Amino acid sequence: DSRLVLAWLYTNPFESSFFSFGAKFSPEETAVNHFHHGIKDLATTFFYMLVAIIMHAIIQEYVLDKINRKKHFSKTKHSKFNESGQLSAFYLFSFGWGASILLSEKLLSNPVTLWEGYPHTLMSFQMKFYFICQLGYWLHALPELYFQKTKKEDIPRQLVYIFLYLVHIAGAYILNLNRLGLVLLVLHYFVELLFHVSRLLYFSNEKRQTGFTIWAVLFVLGRLLTLSLSVLTVGFGLATSENQGFDLAAGNFNVIFVRITVLAAICLTQAFMMWKFINFQLRRWREHAQTQTLKKKQVPSKSKSKKDKGEQRAQSIGHIYLIMNVFFCKHWTFPQAIK
């Protein structure tokens, strides 16, 4: 039908903005296309947010709900199990994908590339697609608060960490710090993946708590490594770079105000995470101490009950012995009385 063809021709430019990745640049010496960010990324991010909502529903319906029916978790464990199940799948996928990009871009073998050649306005397809998907996923977490019927007391906590993810990922993407952002995301996702897998194992068997100990050590090391890489890249690498100045058209934000703002945001976030971590560990230790105290109180009560039972048995045996004495005394003294 000609009307359908005309409709497609008129709407094709608008539709393509949801799937395209912006302008691309192909150097003559290489056959690899490179991309930079632009205003069309908003439509693409919205599209992949819808994809994330669909994937979330598939994992919930065909995986997590089936396990919940078999395990019969309480309401509290049910919500935590769903949260850890969804995030474990996302962190595993994002960590594996991000690690493959790091290896292909050779960012781990040469850390100088984190700041060398800044601004990094041109990205490979995988790099740009990774950041688009990250933004789409964390944006999808906002409507999921309604779809999952999250408790009112849990909504502020969820909003805080969703906001932190969006600010840091979007900041690295817009400020052309995508290489540093990718390294920090892969590091962070690995630590978070270990925590949520450990929590899933704990729900299946409460004796499995070794994973939390390993996670606690790696969490602290992850925070130290995050701060070290951030200070090394932003505080020293960009500060000593020859390409200083603010140029919005060229994507150059290498000025002292931006550097201080980026470092302050990263340091405050790491301090906030450490504060939450310390409170979490203190709460666990208090709960463990209370459990041990209750167990110690139950032990004397059991021994006391055993002692009371022993005394009752001794009294009953004494009563039987007294009755037998009385009987035998009467039996042996009766003939003597006749005499």
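The values are calculated or read from the model by the stated rules, or taken from the named source; none is laboratory data. All values derive from a computational prediction rather than experimental measurement. Reconstructed Cβ throughout: ideal geometry from the backbone, glycine too, with neighbour counts over all protein chains shown. The protein model used for the area step is the full one, side chains on, heavy atoms only, and it has no ligands, DNA or RNA in it. Shrake-Rupley method; radii C 1.70, N 1.55, O 1.52, S 1.80 Å.
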Would you kindly state how much longer the chain becomes between K71 and K295 on full extension, computed as 0.36 nm times their sequence separation minus their alpha carbon distance, in nm to one decimal? 78.0 nm
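Hey, any idea what Rg/Rh is for region 172-237, computing Rh the Kirkwood way over Cα pairs? Each step should come with its number before you reach the end.
Values: Rg = 15.1 Å, Rh = 13.2 Å.
Dividing the radius of gyration by the Kirkwood radius yields 1.14.
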Mark the label point 7 Å from the Cα of I54 along Cα→Cβ and return the residues of region 119-160 whose backbone N is within less than 16 Å of it. 133, 136-137, 140
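Between rounded, prolate and oblate, where does region 96-193 land on the alpha carbon gyration tensor, with a ≥ b ≥ c its root eigenvalues, rounded for a/c under 1.5, else prolate if a/b exceeds b/c? Write down the numbers at each step before the final one.
Working: a/c = 2.49, a/b = 2.21, b/c = 1.12.
Verdict is prolate for region 96-193.
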Accessible area per residue for region 128-220 in Å², computed with a 1.4 Å probe and the full protein assembly in place, what is it? 47 Å²
Cross-link list K71/K152; K70/K149; K40/K151; K66/K151; K66/K149; K152/K297: which exceed 27 angstrom alpha carbon to alpha carbon? K40/K151; K152/K297
Roughly how many percent of the accessible protein surface of region 41-165 is carbon and sulfur, given a 1.4 Å probe and a whole-percent answer? 69 percent
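What's the local net charge at M49, with K and R +1, D and E -1, over the other residues with C-beta under 13 Å away? Each step should come with its number before you reach the end.
Values: positive: none; negative: D41, E144.
Around M49, the charge tally is -2.
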Contour excess over end-to-end distance, with Cα ends at F246 and S100 and 0.36 nm allotted per residue: 49.3 nm
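Leaving out ligands and nucleic acids, and using a 1.4 Å probe, what accessible area per residue does region 42-104 come to in Å²?
Roughly 56 Å² per residue, with all protein chains present.
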Amide hydrogen neighbours beyond the local backbone of F35, cut-off 5 Å, H modeled: F25, M123, S124
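Enumerate by residue number the chymotrypsin sites (Phe, Trp or Tyr not before Pro) in region 166-274 meeting two conditions: DSSP loop (anything except H, G, I, E, B), and at most 15 other Cβ atoms within 10 Å of the site's Cβ. Each step should come with its number before you reach the end.
Working: sites: Y173, Y189, F190, F195, Y202, F203, F212, W215, F219, F236, F246, F253, F257, F272; in loops: none.
Of the chymotrypsin sites (Phe, Trp or Tyr not before Pro), not one in the loops of region 166-274 has a Cβ with at most 15 other Cβ atoms within 10 Å.
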Nearest-0.05 FRET efficiency for F277 and K149 at R0 = 30 Å, using Cβ-Cβ distance, is 0.60
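How large is Rg over Rh for region 219-280, taking Rg from the Cα atoms and Rh as the Kirkwood inverse mean of 1/r across Cα pairs?
1.10
Treat every Asp and Glu Cβ in region 199-302 as -1 and every Lys and Arg Cβ as +1, leave all other atoms uncharged, and give the resulting dipole magnitude about the Cα centre to the nearest 20 debye.
The calculation lands at about 1220 debye.
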